[in-house]
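Chemist: Can you keep this structure in mind? I'll have questions shortly.
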Amino acid sequence: MADPLLRLRGLTKAYPGVIANDDVSFDIGTGEIHALLGENGAGKSTLVKMIYGLVAPDRGEMRMNGAPFAPPRPSAARSAGVAMVFQHFSLFDALDVAENVALGMEDPPKPRDLARQIREVSENYGLPLDPSRLVGTLSAGERQRVEIIRCLLQDPRLLIMDEPTSVLTPQEVEILFETLRKLKSEGTSILYISHKLEEIRSLCDTATILRLGKKVDTCTPAEKSARELAEMMVGASFATPEARAHDPGAVILSVSNLSLPAPGAFGTPLRDITFELRAGEVLGLGGVAGNGQDELLAALSGERLAPAGTIRLDGQDISRANPVARRDAGLLSAPEERLGHAAAPNMSLIENGVLTAARREGLVSNGLISWPKARAFAEKVIAQFDVRTPGPGTAARALSGGNLQKFVIGREILQRPRVLVVNQPTWGVDAAAAAAIRQALLDLAAEGAAILCISQDLDELMQISDRFGALNEGRLSTIHPVAGLSIEKIGLMMGGAHDMEVAHVAE
Amino acid sequence: MDLGSINPILLVASIMVSATPILLAAIGEMVVEKSGVLNLGVEGMMITGAVVGFAVAVNTGSPVLGFAAAALASAVLSLSFGVLTQVFLSNQVATGLGLTLVGLGLSALIGKPYEGMKSPTLPKLDIPLLGDLPVLGRMLFSHDIMVYLSLALVAAVWAFLKFTRAGLILRAVGESHDAAHALGYKVVRIRLMAIFFGGACAGLGGAYLSLVRVPQWTEGMTAGAGWIALAIVVFASWRAGRVLIGAYLFGGVTVLQLNLQAAGARVPVELLSTSPYLITILVLVLISARGIHGAPACLGRPFHASS
């Protein structure tokens, strides 16, 4: 690595009230997989935006192969050989694969040639994809392939990947890693952003760790333990959730043969879902995004009514009850989408507290809201769940993702639910906040509540669940105790191959 | 009633004339909405086009100059909407309604001296061969140039959106402005261009009313044509071909009910007068009830390039 592909020196970028990057310097060598590690708000995305030309640095310089590199806009970065696979926000659902690819290219070929090139590249790198499919109908893994192929068609010298594995099954992760290693062997450099430490240790040659906008260290991740890396990221050691004795009580929630048609063109139907949830247990449901997670939560919370007789709480049929009635009966839920679904972005935390806690916490009397009580409730959530906010009157949208998530989960937990359904409770939340949320869920279960945790983070599910099942195309796999599950078996459950195995055994 | 008094040749010919203003306004608005902007000011832009086109045509004696001035005036007016909503992030619905009110008031002011005057109008084209066909010649091939231009515009918009890269980018911006921005496309600039085009089309539609269809100036003469254009875009599921169907359907029923009134049909006049609106909406609802609706995902949502 005599002459690094990209050399960053003293990059600084300040936004009003916060320094996103403070004097960050490191090198990315040719043919190197370089990890960029850090918590939310550590300045990873700002740094990447500067390299990709979306944001101009206040100070500092970048050099590519020794020559000054300061892309004024993404197209300039792309023509210099920098390509980026985004975490979200860069695909168009209503357009097909080829159109999506064409939009990300500087000088796309004719549609027919492009379709042929997409097929070629997708076969070369083991990423099967049909150019004429609508992107809205693709799974998360397939959508990521669209982005990767869009980048590969431009022969990038540096490929930036922003949290690429957060939505993939273990098998898909392996395919992705094979692709990345192949690219590396061809001389392409990769800047790999993630907070999954084991991945970084197995894949990356070098890692740069950011904390609060500053570089902590550049190291060889294979030589560090995951614990050491995590501590560099967080800066203080954090508590891992406690394991606890599993003593399941009586069945509280039982779901039997729940089927629901898909809610829209891009939704997933629920197919014959059956499970039981006992007091004091945590049931973890894994599965790749878009396999019925949102639909299951909607059916349980009462946003969509289920066929009569399919959902019972304490033996009472609540399938046709509306969300308010279900909340009164003790079935609470926290959906995945924080802004817009779990919380109203422009309303204050006090108002957001009233929205779900009004009846259970007695914040309303004679149809009038008691604002002192509402404020007290919001303050209690903020205090108990360490929500970092100027005050309870702050608008929900002003909170960072992790803090809002702590508020949303805390708001439900403090209402003493009998059953709590959560979807992606720690998605996009930094490690310390995630640990706090998981501990709160475990404490709630220890007090006798039943918890259904839907998540795409397998480590999380393994950590907190007593039993585990997976959703695949709206079907629920057989549920197994977590103890004794191997990652291969989980992958098969998530991939839907599990039923065949059962059928085979039954013969 | 005497149905024999309705001449089918004249009927079809007048349908084409009566549909053209709405077709022009609707195809322009469709492009605007495809880029993700909801401009409710079509009515205001149309009537501004009507009065400016009329005034310029009367003063210069040239209807072609009138059309050009109308397109320019409405496009500039629409740009005020564009700057307010795209740069200053004002609410699109409120600003669009405001644009309609401004257009109606402004046109009444400008048009006061021109009431009761008659403008020069566009000549009917004399198309060789086609115009001489026995029935079809009178029906389809002896109109003024704007009728054919409006049809060509529909085809051009369809091809632009379907086959060109610029059209793909326009659709992408309307589909997800965040994604388009992340890829480096200039969302605001693209939307301003779409708004400008939509304004020009609405202006042409308005001028067609005051210069060809009527042809004179009366206050409030668009009489809701802009709103019908908006409704047609929605019910046409944002497709150029269906916009054409919708506009011709509305024009057709309008002309037919006038003919029926003249022929003394035993149906209340009020019912006949409302029939174009009712039937157009009914048919387009039936068309769009099947299949996907295809509204651009970012329609009406404000875009701010927060970094």
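Computed from the coordinates by the stated procedures, all read-outs in this text should not be read as laboratory data. What you are looking at is a predicted structure, and each value in this text was computed from that prediction instead of being measured. Cβ: placed from backbone, ideal geometry, glycine included. Neighbour counts: every protein chain shown.
Chemist: Using modelled backbone amide H atoms (1.01 Å from N, in-plane), which distant-in-sequence or interchain residues come within less than 5 Å of A:ALA334's amide H?
Modeler: A:VAL421, A:VAL422, A:ASN423
Chemist: Still on this structure: Going by a ≥ b ≥ c, the root eigenvalues of the Cα gyration tensor, does the protein assembly as shown fall in the rounded group (a/c under 1.5), the prolate group (a/b larger than b/c) or the oblate group?
Modeler: prolate
Chemist: Among the aspartates and glutamates, which have Cα under 13 Å from the Cα of B:LYS124 when same-chain residues fewer than 8 positions away are ignored?
Modeler: Qualifying aspartates and glutamates at Cα under 13 Å: B:ASP144.
Chemist: Another question, if that's okay. Check the straight Cα-Cα distances from A:LYS380 and name the aspartates and glutamates below 13 Å, setting aside those fewer than 8 residues away within the same chain.
Modeler: Of all the aspartates and glutamates, those that pass the test against A:LYS380 - Cα under 13 Å, at least 8 places apart if same chain - are A:GLU361, A:GLU412.
Chemist: Could you pull out the longest piece of chain A with no exposed loop chymotrypsin sites (Phe, Trp or Tyr not before Pro) in it, calling a site exposed if DSSP puts it outside H, G, I, E, B and it has at most 16 other Cβ atoms within 10 Å?
Modeler: Longest gap between qualifying sites, sites excluded: A:267-507.
Chemist: Less than 14 Å Cβ to Cβ from A:LEU54, Lys/Arg counted +1 and Asp/Glu -1: what total charge do the surrounding residues give?
Modeler: Combined, the nearby Lys, Arg, Asp and Glu give +4.
Chemist: Lys/Arg Cβ at +1, Asp/Glu Cβ at -1, dipole of chain B taken about the Cα centre: which of B:ILE110, B:ILE27, B:LEU10 is farthest positive-ward?
Modeler: Checked the options; the winner is B:ILE27.
Chemist: Now a separate question. Quick one: net charge around A:LEU176, please, counting Lys, Arg +1 and Asp, Glu -1 for every other residue with C-beta under 14 Å from its C-beta.
Modeler: Combined, the nearby Lys, Arg, Asp and Glu give -2.
Chemist: Going by the alpha-carbon gyration tensor, a ≥ b ≥ c the square roots of its eigenvalues, is region B:116-211 rounded (a/c under 1.5) or, if a/c is not under 1.5, prolate (a/b greater than b/c) versus oblate?
Modeler: It is oblate, given that a/c is not under 1.5 and a/b is not larger than b/c.
Chemist: Counting only other chains, what is the mean number of Cβ atoms within 10 angstrom of the Cβ of each residue in peptide A:44-57?
Modeler: Per residue, the number of nearby Cβ atoms from other chains is 1 on average.
Chemist: Per residue of region A:60-67, what does 6.51 cos²θ - 1.76 cosθ + 1.60 with θ = phi - 60° give for ³J(HN,Hα)? Whole Hz please, x for Gly and Pro, Karplus curve as stated.
Modeler: Using θ = phi - 60°, the values come out as x, 9, 10, 10, 10, 6, x, 8 Hz.
Chemist: Using only atoms on other chains, find how many Cβ atoms lie within 10 Å of each Cβ of peptide B:173-183 and report the average.
Modeler: Working: counts 2, 2, 9, 7, 1, 4, 11, 4, 4, 11, 15.
Mean shielding count: 6.
Chemist: Need the C-alpha centroid separation for region A:147-198 versus region B:69-146, integer Å.
Modeler: Using only Cα atoms, the two centres lie 53 Å from each other.
Chemist: Straight-line reach from B:LYS162: which aspartates and glutamates have a Cα under 16 Å away, not including same-chain ones fewer than 8 places off?
Modeler: Qualifying aspartates and glutamates at Cα under 16 Å: A:ASP96, A:GLU99, B:GLU33, B:GLU175.
Chemist: I'd like the Karplus ³J(HN,Hα) series for region B:131-143: coefficients 6.51, -1.76, 1.60, θ = phi - 60°, whole numbers in Hz, and an x wherever there's a Gly or Pro.
Modeler: x, 8, 4, x, 9, 4, x, 5, 5, 10, 10, 10, 9
Chemist: Restricting to Cα pairs below 8 Å that are 6+ residues apart, what does the relative contact order work out to for chain B? Please round to a whole percent.
Modeler: Once normalised by length, the contact order is 37 percent.
Chemist: What is the angle, in °, between the Cα long axis of helix B:187-208 and the longest principal axis of the Cα atoms in chain B? Nearest 10 is fine, range 0 to 90.
Modeler: That works out to roughly 10 degrees.
Chemist: Placing unit charges on C-beta atoms (Lys and Arg positive, Asp and Glu negative, everything else neutral), compute the dipole magnitude of the protein assembly as shown about its Cα centre in debye, rounded to 20. All intermediate terms of the calculation are to be shown ahead of the outcome.
Modeler: On the way: 69 positive and 75 negative charges, 403 e Å.
Around 1940 debye, computed over the protein assembly as shown.
Chemist: Roughly speaking, what is the centre-to-centre gap between region A:342-362 and region A:206-227 when only Cα atoms are used, to the nearest Å?
Modeler: 39
Chemist: For region A:6-234, what is the percent of antiparallel DSSP beta bridges, rounded to the nearest 5?
Modeler: Antiparallel bridges make up about 55 percent of those DSSP assigns within region A:6-234.
Chemist: Give, rounded to the nearest 20 debye, the magnitude of the charge dipole that region A:6-234 has about its Cα centre when Lys and Arg contribute +1 at Cβ and Asp and Glu contribute -1 at Cβ.
Modeler: The dipole of region A:6-234 has a size of about 500 debye.
Chemist: Hey, fewest Cβ within 10 Å first, where do B:VAL187, A:VAL324 land in order?
Modeler: A:VAL324, B:VAL187
Chemist: Name the residue farthest towards the positive end of the dipole of region A:139-215 from the options A:PHE177, A:ILE209, A:LEU153, assuming +1 on Cβ of Lys and Arg, -1 on Cβ of Asp and Glu, about the Cα centre.
Modeler: A:ILE209
Chemist: Placing +1 at every Lys and Arg Cβ and -1 at every Asp and Glu Cβ, with all other atoms neutral, what dipole size does region B:1-151 have around its Cα centre, in debye to the nearest 20?
Modeler: 200
Chemist: Using only Cα atoms, locate the centre of region A:271-305 and the centre of region B:153-186, then give the distance between them in Å, rounded to an integer.
Modeler: With region A:271-305 and region B:153-186 each reduced to a Cα centre, they are spaced 38 Å.
Chemist: Pull up the DSSP beta bridges for chain A and report the antiparallel fraction as a percent, rounded to 5.
Modeler: The antiparallel proportion sits near 50 percent.
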